[in-house]
Amino acid sequence: MVLKIFFPQCCNRAESGLLVGRWISGHDSAVVLAVIHYPFIPGQVKQYIQQMQAQSGVELTVLGSWSLPKEGQESMESFLRDLSTIFPQQRWLQVSRQMGKMGFICEVVNRNQNGQETQQEAKKQNDDEEEEKVIFVHYEQRKVMLSQLHPTESGDPDLDTEPPSELKQVFQTVARSQPLFFLDRYDDGPLKSTHWQSEGREASIIVELLKQASVPLCVLISWLLALWTWLCSIRIFSLYPLRFLSSKLSTCVQISYRTEHMRTLSSPKPAIEHKQFMRKGNILVSFLVDVGLGVLLMSWLYRDDHIATLANMLMPAADHVAKELEELLQWLMGAPAGLKMNRALDQVLGRFFLYHIHLWISYIHLMSPFIEGILWYGGLSACLGLTFALSLLSDMVALLTFHIYCFYVYGARLYCLKIYGLSSLWRLFRGKKWNVLRQRVDSCSYDVDQLFIGTLLFTILLFLLPTTALYYLVFTLLRLVVVLFQGVLHLSVDFINSFPLFAMGLRLFRPYRLAEGVKFQVLCEEPGTALHLLMEINPLKCSTVVQLYRTPTYSCYPRDSWAALVKKLFVGELIYPWRHKSTKVD
Amino acid sequence: MEDEAFTDICGKPISLDCQSHSSFCREFIISSPKVSMGKVMVYTCSVWLLAYAVFFFTQNTAVLSGAILVTLVGMMLHIHFVKVDHESLLVIGSLGIQVSSSYASGREITTFIEMSKIKDIVINEAIYMHQIIYYLCVLLKDPSEPDAVSSVVPLFQSSKPRLNCLVKVYKSCQEILSKCQ
């Protein structure tokens, strides 16, 4: 079997001493975490290791000895071999290196149960098969410590039926051994060790300050949330019309999502699992970016009297739209595109819609003095975030184009009724009937008067079809334009809500933190030494990052396929093309 | 480092490079032929002749600049995403198998599969339109179910070497896998 030793790159030039690390059970491999230098007192070393084991929860042991003799120093081979008696192990690794040479030499001392030693040397590949072969895998300790190997475990470790793989155990060992890396060379203790932090502990002042500041901030946010929840749970708000309205208005939906996010952020427990940590980070960064963009929008809006300009533009725009619609209806009431319409029905429908437009325009004129005020106060909502401003815009568009929605519903219902009537009477024309019980078309014998009236009605409906169909077509197109615009707004709100900016930033600037796997590179070999490999971290692909760390919100995507949509349009069913998924409970 | 004359399934010459780093660590690199200058010249000239013809009729210089842009961007995308320079397979006994392909622009895509997930390396047959081709693939298993094959990872997808090359690689890999699994 091949013995694998994971050796940190920072210890390549460490002075001679003891190797401290962990044996990985079941895989015949060992992870070296640090080197404790000579001179040391074995009792203190054992005490230190027990202390570290208690703090970190990792089964640390002394793996063996490391010898890198400096110039002029005689080799301490025999001394280091005797150390194996002080630290009784199943296997004792004696790793040595010459200055100037790249390769390591490893001797493995196996101890049988009788206490007798048998020694095996690792030599070149030409020798016997029973000798133990050794691979040295060099890894960069700091990066492996901070990295998270995907796929991460979710849930309790008790639920895992299979033991984690070798690489996962290596990563977990290094990540959990953080207390071992606190001993640096400026410590006055009895032991001196080499690891990635032995030149001095690294920390960031900004991170520490933020950690201190976050505690009172969390308390404040949770108090505010409690107040808001109490406000929302007042009885008057749970009456039916208000509840229905608040589920339809996208602003209210957005408020509820932000409340949820704030609740996640302000929980007092720090995130233990990697997924929770990333979720919190993503929510925080998304929220900050959102507010930043909103403040930018506000600074543009309230400068140079832009609001007044917008308000002054709105009235003529609404008048223009109304005029265009009236012209369209006049055109339909005449002979549109050369088609000849049924005069009476045409006039009825046209006049009905014209009156509707007249009502709408009067309503807009009534509101015109308040528009500037509404825009001014509505613009203030952008300080809560760009998503709020966009949701407010979407709601305002929905309210302002309510008449188009009404027209569409009237036209669609009329057309739908006509189509169903036509299909049923067509069956009568042919002597068939729809059997509701059997859900199929059966033949049926009708009386003469039934046939007579049915045929009459069929003819009437058939000849009125072009008129209704034209009105339906025009208003469906208008409705689709509005729906498309609202859909774009909702998609951008959803994008800002759910895009994992923190995870993306981590992937771009610290790619080693999100690891998909590892890659190996064979380092140049010298004859007589073991095989040396360099293990580097293979970062996750950007698309995987987005897929894994998306914050779940209502995702806005088309409900029907193109074929189903066209069929619905043809038959006259009302279409609600955007489907909103409800939030998944994670 | 032997270099017999191997070809891929279309008849283009490829080269196989076997390196033995140790008794249980071997690397196989299959290199495809490089981008030929003749083809590049032919494509560029044809695109530009077409652009000149369109320019002759429309007298719009945007057509010419558009053609130049299209050629440059197309070439860059081709060497970065499409043209594979060499594919390599590194087998490390009792650690795992690393599959990597590097593109003509230097970009490398690497995947490492741990030994506990590998069931075997085999040569498989596939019916592709009117041909029957052989390809080398790694059979993966779930560590909890050692008898079932959970998925198949095909190797040397872009170079598509022929059977003689595959047999050589297969024999070499099996020597290591049989010892160290």
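The values are calculated or read from the model by the stated rules, or taken from the named source; none is laboratory data. These numbers were taken from a predicted model, which means no experiment stands behind them. In this analysis, Cβ positions are derived from the backbone assuming ideal geometry, glycine residues included, and neighbour counts consider all displayed protein chains. We work out accessible area using only protein heavy atoms, side chains counted, and drop any ligands, DNA or RNA first. Shrake-Rupley method; radii C 1.70, N 1.55, O 1.52, S 1.80 Å.
When B:Val99 is tested against (1) open to solvent by 70 Å² or more (accessible area, probe 1.4 Å); (2) in a strand (DSSP E or B), exactly one condition is not met: (1).
Conditions tested, residue by residue: (1) touching a helix residue (DSSP H, G or I) at 6+ places or on another chain (Cβ under 6 Å); (2) within 13 Å of chain A (Cβ to nearest Cβ); (3) open to solvent by 60 Å² or more (accessible area, probe 1.4 Å).
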position: B:His21; (1), (2), (3): no, yes, no
position: B:Ile29; (1), (2), (3): no, yes, no
position: B:Pro33; (1), (2), (3): no, no, no
position: B:Ser36; (1), (2), (3): no, no, no
position: B:Lys39; (1), (2), (3): no, no, yes
position: B:Thr44; (1), (2), (3): yes, no, no
position: B:Val47; (1), (2), (3): yes, no, no
position: B:Tyr52; (1), (2), (3): no, no, yes
position: B:Phe55; (1), (2), (3): yes, no, no
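If I filter the range A:185-204 for residues that are assigned to a helix (DSSP H, G or I), under 30 Å from B:Ser116 (Cβ atoms) and open to solvent by less than 40 Å² (accessible area, probe 1.4 Å), do I get at least one hit?
no
Quick one: how many residues across the range B:143-169 are away from every other protein chain (no Cβ under 14 Å), surrounded by 15 or more Cβ atoms within 10 Å (Cβ to Cβ) and within 17 Å of B:Ile113 (Cβ to Cβ)? Number satisfying all stated conditions: 3.
The residue list A:Ala14, A:Ala34, A:Ala54 contains one member that is open to solvent by less than 30 Å² (accessible area, probe 1.4 Å) and under 39 Å from the mean Cα position of the chain (by Cα), which is A:Ala34. Taking residues in the range A:363-383 that are farther than 16 Å from A:Leu400 by Cα, and partners anywhere that are among the small types (Gly, Ala, Ser), the pairs with Cβ atoms closer than 8 Å and at least 6 places apart or on different chains are A:Gly379/A:Ala389; A:Ser381/A:Ala389; A:Ala382/A:Gly294; A:Ala382/A:Ala389; A:Cys383/A:Gly294. Looking across the range A:60-103, the residues that are open to solvent by less than 70 Å² (accessible area, probe 1.4 Å), closer than 21 Å to A:Thr529 by Cα, at pLDDT below 80 and among the hydrophobic types (A, V, I, L, M, F, W, C) come down to A:Met76, A:Leu80. Every listed requirement among (1) among the charged types (D, E, K, R); (2) touching a Phe, Trp or Tyr at 6+ places or on another chain (Cβ under 7 Å); (3) open to solvent by 20 Å² or more (accessible area, probe 1.4 Å) is met by B:Glu87 save one, (3). Residues of the range A:285-304 include at least one that is open to solvent by 60 Å² or more (accessible area, probe 1.4 Å), in a helix (DSSP H, G or I) and farther than 30 Å from A:Val545 by Cα.
Do we have A:Phe458 as among the aromatic types (Phe, Trp, Tyr), open to solvent by less than 40 Å² (accessible area, probe 1.4 Å) and more than 47 Å from the chain's Cα centre (by Cα) here? Working first, answer last.
On the way: among the aromatic types (Phe, Trp, Tyr): yes; open to solvent by less than 40 Å² (accessible area, probe 1.4 Å): yes; more than 47 Å from the chain's Cα centre (by Cα): yes.
Taking the combined requirement at face value, the residue satisfies it.
Which of the strands (runs of 3 or more DSSP E) found entirely inside the range A:1-109 contain at least 1 residues meeting this: within 18 Å of A:Gln172 (Cβ to Cβ)? Outline the logic, then answer.
On the way: elements: A:2-8, A:17-24, A:29-37, A:61-67, A:91-97.
Counting at least 1 such residues, we get A:2-8, A:17-24, A:29-37, A:61-67.
Of everything in the range A:474-486, what is aliphatic (A, V, I, L, M) and within 15 Å of A:Met333 (Cβ to Cβ)? Give them in sequence order. The one that is aliphatic (A, V, I, L, M) and within 15 Å of A:Met333 (Cβ to Cβ): A:Val474. Here B:Cys25 passes the criteria (1) closer than 24 Å to B:Ser178 by Cα; (2) more than 14 Å from every other protein chain (Cβ to nearest Cβ); (3) in contact (Cβ under 8 Å) with a residue 40 or more places away in the chain except the one numbered (2).
Those residues that are within 14 Å of another protein chain (Cβ to nearest Cβ), open to solvent by less than 60 Å² (accessible area, probe 1.4 Å) and not in a strand (DSSP E or B), I need them from the range B:102-142; list them, please. Working first, answer last.
Filtering the range B:102-142 down to residues within 14 Å of another protein chain (Cβ to nearest Cβ) leaves B:102, B:107-118, B:140-142.
Now narrow it down to the ones that are open to solvent by less than 60 Å² (accessible area, probe 1.4 Å): B:102, B:110, B:112-116, B:118, B:140-141.
The answer is B:Met115, B:Ser116.
Scanning the range A:529-551 for residues that are away from chain B (no Cβ under 12 Å) and either in contact with a Lys or Arg (Cβ under 8 Å, 6 or more places away or on another chain) or surrounded by 18 or more Cβ atoms within 10 Å (Cβ to Cβ) (or both) turns up A:Leu540, A:Cys542, A:Val545, A:Tyr549, A:Thr551.
Would you please name the residue that is farthest from B:Glu4 (Cα to Cα), looking only at residues in the range B:114-157 that are among the hydroxyl-bearing types (Ser, Thr, Tyr) and modelled with pLDDT of 90 or more? Walk me through it before giving the result.
The first filter runs over the range B:114-157 and keeps only residues among the hydroxyl-bearing types (Ser, Thr, Tyr), leaving B:116, B:128, B:134-135, B:144, B:150-151.
Keeping just the survivors that are modelled with pLDDT of 90 or more gives B:134-135, B:150-151.
Working: B:Tyr134: 19, B:Tyr135: 19, B:Ser150: 35, B:Ser151: 32 Å.
Filtering the range B:114-157 for residues that are among the hydroxyl-bearing types (Ser, Thr, Tyr) and modelled with pLDDT of 90 or more, the one farthest from B:Glu4 (Cα to Cα) comes out as B:Ser150.
Could you tell me whether any residue of the range A:371-387 is touching a His at 6+ places or on another chain (Cβ under 9 Å) and either open to solvent by 20 Å² or more (accessible area, probe 1.4 Å) or more than 24 Å from A:Val483 (Cα to Cα) (or both)? No - not one qualifying residue is present in the range A:371-387.
Can you tell me which residue among A:Met313, A:Met396 is in contact with a Gly (Cβ under 8 Å, 6 or more places away or on another chain), of a type outside the set (Val, Ile, Thr) and over 19 Å from A:Leu473 (Cα atoms)? Steps first, please.
Values: A:Met313 fails: in contact with a Gly (Cβ under 8 Å, 6 or more places away or on another chain).
From the options A:Met313, A:Met396, the qualifying one is A:Met396.
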